[in-house]
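So the structure is just underneath, and the comments pick up after that.
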Amino acid sequence: MKNILLILAAFVPVLCSAQNFYLQAGGGYQFASSNSKNGYALELNSGIKINPFLRLGIGVSYLKEDQAFTSGYIPVYADLKLIGKGKIKPYVFLQPGYGVYKSPTIYFTDYNGNLIGTGHTTGGFTSNQGIGLIYKFVFLQAGYRIQNFSLKTPENFTDSYSQNTFGITAGLALPW
C-alpha cells in the first residue's frame, strides 16, 4: 500500500497542472473517542472541479492511532466537496470508502489454554465527513470519521465493530 501512496504522490501533481484538477495534501490529529486513542492522520486527495462550487475526486489517508493495532488503517475513498464563495472559502466534505487493514495473527485458545485457531481483524467501510476552510492555498478542516472492522474467529463467526474519531487536518490545497 505504501507503493500506491508513493505513485499517487508522484502522479497527482502532474494532473493538477491542468485548470480543472485540484490536489489537497495535509496532516492532522485524531482525538480519542470511547473506543480509540489519540493518533495522527496523513491525507492526499485529488479530483476535478465540476463547477466553482463542486469538487469530485478520490483520495487516500493513513491513520495511526495509539492503540492495540500495530499497523495503520488506510482508507481509500471518494472525495466530494461543496465549496462556498469568498476570500476564505468554507466547504463541506463527504468521503465514503473502504479501509484497508489487516492485523497480525490473533490466537484463540480454550479455557485450558489449548490453541483452537487463529484469525485476523480486517478493515471495512469507512466514512469521513465534516467542514473546512480554504484561504489561498492552505486549508483547515474538522471531520468525524467512522471506521469499521471485522474479526473472523475459528468457528467462522464474524464479529464486526466500529471505531469513531474526531480529527483536525491542515495542509496545502492546489490549485483552488
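Listed by chain and number, the lysines placed with their C-alpha closer than 30 angstrom to that of K85 are K49, K136; residues fewer than eight positions away on the same chain are left out. Packing order of peptides 101-107, 118-124, 142-148, highest average first: 142-148, 118-124, 101-107 (average count of other Cβ atoms within 10 Å over each peptide's residues).
Take the solvent-accessible surface of the protein heavy atoms, probe 1.4 Å, and return the percent of it on segment 94-176 that carbon and sulfur atoms account for. C and S fraction of accessible area: 65 percent. Using θ = phi - 60° in the Karplus curve 6.51 cos²θ - 1.76 cosθ + 1.60, the 3J(HN,Hα) couplings for segment 45-62 round to 9, 8, x, 10, 8, 6, 7, x, 10, 10, 10, 9, x, 10, x, 9, 10, 10 Hz; x is entered for Gly and Pro. For K64, the lysines whose Cα comes closer than 16 Å to its Cα, not counting residues fewer than 8 places off in the same chain, are K2, K37, K102.
Here K89 is the anchor, and the aspartates and glutamates within straight C-alpha reach of less than 19 Å, apart from those fewer than 8 places off in the same chain, are D79. With the convex hull drawn over the C-alpha atoms of segment 27-176, the volume per residue is 98 Å³.
Electrostatic tally near L80: other residues with Cβ closer than 13 Å to its Cβ, Lys and Arg +1, Asp and Glu -1, net +2. Rounded to whole numbers, the Karplus 3J(HN,Hα) couplings from phi for segment 88-102 are 9, 8, x, 8, 10, 10, 9, 9, x, x, 10, x, 8, 7, 8 Hz, using 6.51 cos²θ - 1.76 cosθ + 1.60 with θ = phi - 60°, and x at Gly and Pro.
The values are calculated or read from the model by the stated rules, or taken from the named source; none is laboratory data. Owing to the predicted nature of the structure, the values given are computational and were not obtained by experimental measurement. With ideal geometry, Cβ positions are generated from the backbone for all residues, glycine too; neighbour counts draw on all protein chains shown. Protein only, heavy atoms only, side chains kept; ligands, DNA and RNA dropped before computing areas. Shrake-Rupley method; radii C 1.70, N 1.55, O 1.52, S 1.80 Å.
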